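**Q** Got a structure for you, written out below as structure tokens; questions coming shortly.
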Amino acid sequence: MGHDDLPMLELAFPGPERDRGVAAILNGEKTALTGLMEIYEHAGEAVPRTGQRFSVLDSEGRPAVTIEVVDVQVVPMKEIDDDFAHAEGRGYRDAKEWRAAHEEFFRSAGVSEFLGHTPVIDDDTLVVAERFRVVEADAPRDR
């Protein structure tokens, strides 16, 4: 299956945050990602499953890298540990720093607009915690 046949994955919103995330995947720093379960439910999307592959898009909407999910768990935010926070590849010192950044993003204007309200984020808020491996980086295209 070529990457054109794969489901697409967009990190955050287009712009610097997405670009940093894609770069962190490509350089091997990012091997985990987190989604808010409420977003999956609102969008009517299934939680990713182990073995599923995704084409990760850059801010221009172009495939940048193909990843394969190696582990996925739906857990309360309070269960995210330092090891997972480090695997996010964003330079978080610990789970506390990871949590602060994710709370800010999950309560952002973009997420609130998508959901139609600002989500309640607390210890018991469910997140989709995924670990993945890079299958292949997509060839850069002429820009």
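**Q** Can you tell me what share of the DSSP beta bridges in the range 3-133 is antiparallel? A percent to the nearest 5 is fine. Provide the component values of the computation, followed by the final result.
**A** Values: 18 of 20 bridges.
Approximately 90 percent, going by the DSSP bridge assignments.
**Q** Under Stokes-Einstein, with the Kirkwood radius over Cα pairs standing in for Rh, what whole-number D in µm²/s applies to the range 4-143 at 4 °C and 1.567 mPa s? Before the final figure, lay out the partial values.
**A** Values: Rh = 15.4 Å.
Diffusion coefficient, whole number: 84 µm²/s.
**Q** Also, I was wondering about something else. Once the Cα atoms of helix 95-106 and of the chain are each reduced to a long axis, what angle between those two axes, in degrees from 0 to 90 to the nearest 10, is obtained?
**A** Taking the Cα atoms of the chain, the angle to 95-106 is about 80 degrees.
**Q** Quick one: helix 16-26 against the long Cα principal axis of the chain, what's the angle to the nearest 10°, folded into 0 to 90?
**A** Once rounded, one gets 60 degrees.
Computed from the coordinates by the stated procedures, all read-outs in this text should not be read as laboratory data. The structure presented is a predicted model; accordingly, all values stated were derived computationally and were not measured.
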